[in-house]
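These notes concern the structure reproduced below.
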Amino acid sequence: MQIKIPDIGDVDSVEVIELCVAVGDTVGPDDPLIIIESDKASMEVPATSAGVVESIVVALGDSVSTGDVIVTLAADAAGAQSEPESPEPAAETSAASSPAADTGEAEVAATSPPPAASAPASSQLDIAVPDVGDVDGVEVVEVSVAVGDAVANGDLLVILESDKASMEVPCEHEGTVIKVHVANGDTVQQDSLLVTLEVAGGDAVAPAAAPAPKAAAVTEPPVAAQAKSEVAVAEPASAPAAGTPKPGAPVHAGPAVRRLARELGVDLTQVKGTGNNGRLVKDDVKAFVKSQLSASGAPQGGQGSGIPPVPTVDFAKFGPVSLEPLGRVRELGAQNLHRSWLNVVHVTQHDDANITELETFRKSLKAQGEAKGIKVTPLAFIIKACCACLQEFPTFNASLDAQVENFILKQYYNIGFAVDTSYGLVVPVIKDVNQKGIWDLSAEIVELAGKARDRKLGMNDMQGGTFSVSSLGAIGGTGFTPIVNAPEVAILGVGRTTMKPHWTGSEFVPAKMLPLSLSYDHRAINGAEAGRFVQRLTQLLGDVRQLVL
Ligand code: CAO
């Protein structure tokens with residue numbers, strides 16, 4: 001069964017911002033498969049019947065349009081059956097249950113208050129709740145205007161939310177707010193009045209012009225009367241309790257708040273929500289930014305966070321230039337790296353491991369490797385040795401809690417490794433390294449690196465890491481300072497093996513030396529611990545037989 005993008009209304013395409021499943025996952029009806037986002041809303045695309053994910057046709061950052069296939073599902077082993085209706089549930093449901101979906105007029109008719117009620121001759125214009133699908137009621141989670149506010153086309157009026165969705169109701173007229181009919185926390189239905197505007201000039205409320213475009217706009221993305229894919233989903237249904245934010249906890253915020261957070265580089269899991277049920281509102285994001293700025297010790301009279309801004313230069317003055325977008329993966333990577341750089345107290349410890357024997361052993365595996373179709377590089381041994389060190393030094397396999405009061409020690413050993421791709425750096429994660437041998441690890445490195453380069457990694461492939469390795473060994477370099485992949489507390493950088501004279505105590509012998517650079521969060525790990533970790537790592541790589549002890 002193919003699952004397709006449902007009707008996304010009058011936008012041409014939306015972006016895939018999250019993959020919620022991986023190939024092989026078993027899903028039930030309504031389980032989210034991917035999350036898509038336009039510039040106004042996020043929307044979850046759910047499975048419409050139980051099954052097993054056979055293939056994922058889209059990747060993070062892809063632009064998709066109505067009807068595009070995203071996932072194929074097979075009936076699961078337990079005999080899960082397709083729903084009796086359509087094999088293309090999202091799009092079909094949309095078309096079938098919303099016969100007017102393709103016709104702006106019919107949709108407007110379904111989502112607008114009657115013209116007589118909404119466009120009286122007094123030049124007042126009522127903005128009502130659009131079609132919200134087959135939910136009983138939606139909650140007003142943010143009222144973005146007050147009486148007396150001047151509003152323009154595109155200004156946000158209200159954010160509504162069901163248990164699965166957030167939806168912005170924007171203004172499509174210029175005018176002044178003369179009445180706000182709802183407050184935060186109210187439950188409203190389709191056609192409930194939200195805001196009354198006084199629009200400039202009586203002609204603006206002529207029945208043909210005033211309410212119709214407004215109602216069409218508020219259904220963005222159109223959600224008219226859809227059963228499964230009815231409403232945009234921005235986060236898990238349950239709201240976090242108000243109080244201390246929990247990193248990694250579900251974020252309860254609408255698209256506008258998320259957009260603001262993205263623009264300001266704010267991690268919403270760190271922000272405390274003051275809205276209903278702990279919901280995040282824009283003011284929370286702004287307050288968070290202010291508190292971060294003052295906490296960073298901005299100098300009196302200084303600028304912003306105290307970090308002097310890089311001056312803006314008109315480079316075209318000096319020669320021709322062109323712009324090339326970073327792309328979503330590089331943009332996100334840049335944000336993550338910047339956040340880690342600013343939050344983590346970085347120190348890097350360097351050492352060389354004598355891997356002469358390891359290399360002899362690795363080369364001896366060549367014939368077996370060819371027979372198995374598995375290529376073994378030094379990386380598999382490095383990852384295995386790191387895992388052994390993580391087991392011996394648990395604080396390296398940990399995160400700090402938000403208050404920097406506790407280690408969160410992890411009882412699993414999942415090691416991410418950086419993969420250089422044409423679209424940016426990604427870090428797939430090998431799970432349960434402690435349970436895997438060199439063959440398994442080698443095969444998984446090749447498989448995950450291949451998936452990364454083909455843009456086929458699922459969310460699951462990139463989550464749950466406890467430590468990372470960044471190997472530039474195949475490229476070159478004698479050492480570098482990798483940035484810790486927060487909230488992890490350490491990362492190993494690997495340089496290129498070179499032959500060097502090695503002093504045995506009585507003579508110099510040629511040895512293959514592997515440069516290692518361990519960056520760590522000095523808040524979690526002190527220098528002596530890092531020294532011992534690296535020392536143990538070089539021992540293990542110097543004599544890999546110890547890995548089987
Ligand atoms: N010293 C010398 N040679 C090395 C080496 C090292 N430390 N590590 C690997 N090599 C060799 C391999 O043995 C292989 O040689 P052969 O083909 O002769 O056997 C060759 O280099 C190519 O290796 P590879 O790149 O195919 O495989 P890998 O397991 O070493 O690495 C991967 C896989 C995915 C990590 C790598 O391809 C990659 O993308 N590295 C870049 C990571 C990166 O960008 N880090 C920076 C992040 S911070 O910006």
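The values are calculated or read from the model by the stated rules, or taken from the named source; none is laboratory data. Just so it is clear, the model here is predicted, and its values are computed rather than measured. Counting neighbours? That spans all protein chains shown, and the Cβs are built from the backbone with ideal geometry, glycine included. Quick note on the areas: whole protein, heavy atoms, side chains included, nothing else; ligands and nucleic acids left out. Shrake-Rupley method; radii C 1.70, N 1.55, O 1.52, S 1.80 Å.
So the values come out like this:
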read-out	value
Given Lys366/Lys512; Lys282/Lys456; Lys290/Lys317, the pairs whose alpha carbons are separated by over 25 Å	Lys282/Lys456; Lys290/Lys317
Where the Cα pairs of region 129-189 fall when distances are cut into 10 Å bins, in %	23, 52, 23, 2
Packing-based ranking, highest mean first, of 481-494, 455-468, 381-394 given that Cβ atoms within 10 Å are counted	481-494, 381-394, 455-468
Dipole-positive endmost among Ala353, Phe318, Asn343 within region 317-360 (Cβ charges, Cα centre)	Phe318
Rg(Cα)/(2.2 N^0.38 Å) for region 459-549, N = residue count	1.24
Other-chain or far-sequence residues with amide H under 5 Å of His252's (modelled H)	Leu280
Å² of accessible area per residue within region 296-445, as computed with a 1.4 Å probe and no ligands counted	60
q = 0.09, 0.11, 0.12, 0.18 Å⁻¹, region 260-411: log10 I(q)/I(0) [Debye, one scatterer per Cα]	-0.60, -0.82, -0.91, -1.26
Extension gain, Thr26 back to Ile475 (0.36 nm per residue minus Cα-Cα distance, nm)	157.7 nm
Inverse of mean 1/r across different Cα pairs in region 341-548, Kirkwood, Å	17.5
Phi-based couplings in Hz for region 388-395 (Karplus 6.51, -1.76, 1.60; Gly and Pro marked x)	4, 5, 4, 5, 7, 10, x, 6
Average accessible surface area per residue within region 462-549, 1.4 Å rolling probe, Å²	47
Within the accessible area of region 319-394 (1.4 Å probe), percent carbon and sulfur	57
